[in-house]
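Report on one structure; see the data block that follows.
The values are calculated or read from the model by the stated rules, or taken from the named source; none is laboratory data. Fair warning: this is a prediction, and the values are worked out from it, not measured in the lab. When we count neighbours, we look across all protein chains shown, and the Cβ atoms used for this are built from the backbone with ideal geometry, even at glycine.
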């Protein structure tokens, strides 16, 4: 053992290993603080990230327990929370298409869109500042975005009873967000979603869009089925003054906007059979 310890390369390896651990630890802390700072720059919101882990060998880092809240203090639920967000290099695109783009995977996310009588009691805006801050979290352009087992809530705490229309088991995959000919035969981004409205129904959506067109174009198809109408009674009572005793709700609709001023609706169909109370 003494002979091994006397060899200079043994101590060099020890120094390198210790230096790597120290740099890795402090780099993770710096990235955590950077993420907290950037997300908290969104007016009216404050973000908190519990920890960040780096995975340098795959060009990735993971955000743990992210929580974004409105700073007014009058909205009792966070705008967005998730136990895990993974940002990484999209290796297939880099190796086979020579395109340096990124990928975001979000696990068990919850988003709360809240309506209220005043701006302080509302959190419904998902606009340009959010997209800009997300882009700043990773040095590459994001080409793929996925959500696994998420939840989406529409809430209104000003009503009696309070409104909570939700969908769980939300799965979403969006691809070709960079609008690149290298990665797709067309310049069209494709978004596919599915979920379970009110913990019982089924919903599916498919959206195709060209986000970089001078006049953004899109086509959307949405299907909702097997939603029990009584599950919507809090919403119906709050905004319509009626309730349903029984019956199912189904809806199928589609629309598109081409390069013209007005959107052209392709097809729409809504069906519900229920008994009003």
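Filter segment 74-120 down to residues that are in contact with a helix residue (DSSP H, G or I) (Cβ under 8 Å, 6 or more places away or on another chain) and in a loop (DSSP other than H, G, I, E, B) and give me whichever is farthest from residue 135 (Cα to Cα).
By that ranking, first place goes to 74.
Give the residues of segment 55-73 that are part of a strand (DSSP E or B) and exposed (fewer than 14 other Cβ atoms within 10 Å of the Cβ), sorted by residue number.
Scanning segment 55-73 gives 55, 65.
Give the residue, chosen from 175, 170, that is modelled with pLDDT under 95 and either touching a helix residue (DSSP H, G or I) at 6+ places or on another chain (Cβ under 9 Å) or under 27 Å from residue 225 (Cα atoms) (or both).
Going through 175, 170 in turn, the sole match is 175.
Among all residue pairs at least 6 apart or on different chains, which show Cβ distances below 6 Å where the first residue, located in segment 233-251, is at positive phi and free of Cβ contacts under 8 Å to residues at least 40 places away in the same chain and the second is surrounded by fewer than 17 Cβ atoms within 10 Å (Cβ to Cβ) and not in a strand (DSSP E or B)?
Listed pairs, sorted by first residue: 247/273.
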